[in-house]
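What follows is one structure encoded as structure tokens, with my remarks underneath.
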Amino acid sequence: ALAKVNEDLGKQDEQFEFLHEGNRLRKDELNYSLDNSQNLISIVKKMFSSTLSLSYEPSTIQPVFIVGMPRSGSSLVEQIIASHHAVHGAGELGTLSHLITPILKNYLTENKNGLTKKSFLSIRQQYLDVLSNLNVPASVITDKLPLNFLFIGFILSAFPEAKIVHLKRDARATCWSIYKHYFSSAGNGWAYNLDD
């Protein structure tokens, strides 16, 4: 709040001091570690080093995943896509992360070398059930949780019919917008340190 006040007053040095201190406190509060994030990404990459040949019953619902860095325009893009009569904008659904986290934990604890068709079928069915329970007439439903980019391997494996919209924005503008933004969830712990 003090950073915003100083920004509005045109006091850039003071703005940055308050912003930097607030972000330092938030990173400490979240106990964020860049090493843990890098480890997660390495694990997901390793999980998809080989592919399964999978086929599924067609679904009447087609998911569209809008992914990328936070603050890269996902809300605007979802509004544009959802302006079509056959599309429902579902916002940021945490469903995929909720379904995949136990699989990642199991993968780590049991040191398995790959994923099973059963895992993907479970992700597919549970996710489509959540979309179906939205009770909307649209057959195309968007999920604009930007950090779903971490799960593109799961998405392509469980939803081969899905569309993925990858948003890109100038990296400097994205980083500055993220650094100035307070995220209520703990999933963006890297956002509070310029090096991270």
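We did not get these values from a lab; they are worked out from the coordinates using the rules stated. Nothing here was measured: the structure is a model prediction, and the numbers come from that model. Cβ placement follows ideal geometry from the backbone for every residue including glycine, while neighbour counts extend to all protein chains displayed.
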Everything considered on the Cα gyration tensor (a ≥ b ≥ c; rounded for a/c under 1.5, else prolate if a/b is larger than b/c, else oblate), the range 1-84 must be described as oblate
Charge tally for neighbours of ASP8 with beta carbon under 14 Å away, counting Lys, Arg as +1 and Asp, Glu as -1, is +1
To the nearest 10 degrees, the tilt of helix 171-180 (Cα long axis) against the first principal axis of the alpha carbons of the chain is 70
Checked against the positive end of the charge dipole of the range 1-118 (+1 on Cβ of Lys and Arg, -1 on Cβ of Asp and Glu, about the Cα centre), the farthest of PHE18, SER97, ASN31 is SER97
For the range 145-196, the dipole about the Cα centre with charges only on Cβ (Lys and Arg +1, Asp and Glu -1), to the nearest 20 debye, works out at 180
In nm, the gap between the two label points placed 7 Å beyond Cα toward Cβ at GLU21 and ILE43 is 3.7
What helix-only [θ] at 222 nm does the chain give? Using -39500 (n - 2.57) per DSSP H run of at least 4, over all residues, to the nearest 500, the answer is -15500 deg cm²/dmol
Summing +1 per Lys or Arg and -1 per Asp or Glu among the other residues with Cβ less than 14 Å from LYS144's Cβ gives -1
Sorting GLY73, ALA1, PRO160 by the position of each Cα along the dipole of the chain (Lys, Arg +1; Asp, Glu -1; all at Cβ), the one nearest the positive end of that ordering is PRO160
Residues whose built amide H sits under 5 Å from the amide H of ILE164, excluding neighbours closer than 5 in sequence, are PHE65
Computed about the Cα centre, the charge dipole of the range 1-127 from +1 Lys/Arg and -1 Asp/Glu charges at the Cβ has a magnitude in debye, to the nearest 20, of 800
Reduced to Cα centres, the span from the range 118-146 to the range 16-84 in Å works out to 17
In Å, the Kirkwood hydrodynamic radius from C-alpha pairs for the range 143-191 sits at 12.7
In whole angstrom, largest first, the equivalent ellipsoid semi-axes that the Cα gyration tensor gives for the range 73-145 are 30, 14, 9
